[in-house]
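Throughout, read-outs are computed from the coordinates displayed, never taken from laboratory work. Computed from a prediction, not measured in an experiment: that's the story for all the values here. Methodologically, a virtual Cβ is constructed for each residue, glycine included, from the backbone with ideal geometry; neighbour enumeration extends over all protein chains shown.
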Amino acid sequence: MIVTIARGYRPDRFLEVFATVGADKRREHGCRGARVYVDPDDARRMWSFFDWDAKDYDEFLADPDIPAIARELGIQAPPVHVVAAIELDA
């Protein structure tokens, strides 16, 4: 699982691009699913959870189309990759 946090200027635009252009590009790079949660303390901060292998995610980040898609998302800075503090089986 890959988790990122990004802050967008327009959450509606972020979700639109994430669900269309972003989904197509993620699928191309092996992503098996994604969910976005709006931070309850900041409606412009989006938490994205991806069912994705790290290798495929790294290839996605290296794709030359990603900077343009990021601009379309309207994010204020590159997403922050969240690292798990612990992983358990239950």
As a footprinting exposure proxy, order Leu15, Leu73 by other Cβ within 10 Å, with the fewest listed first. Leu15, Leu73
Do any GluC sites (Glu not before Pro) in segment 27-90 lie in a loop, going by DSSP, with at most 10 other beta-carbon atoms within 10 Å of their beta carbon, and if so which? Glu87
Inter-part gap, Cα centre of segment 59-89 to Cα centre of segment 1-47, in whole angstrom, is 9
Listed residue (Gly22, Gly33, Trp52) projecting farthest to the positive dipole end of the chain, Cβ model: Gly22
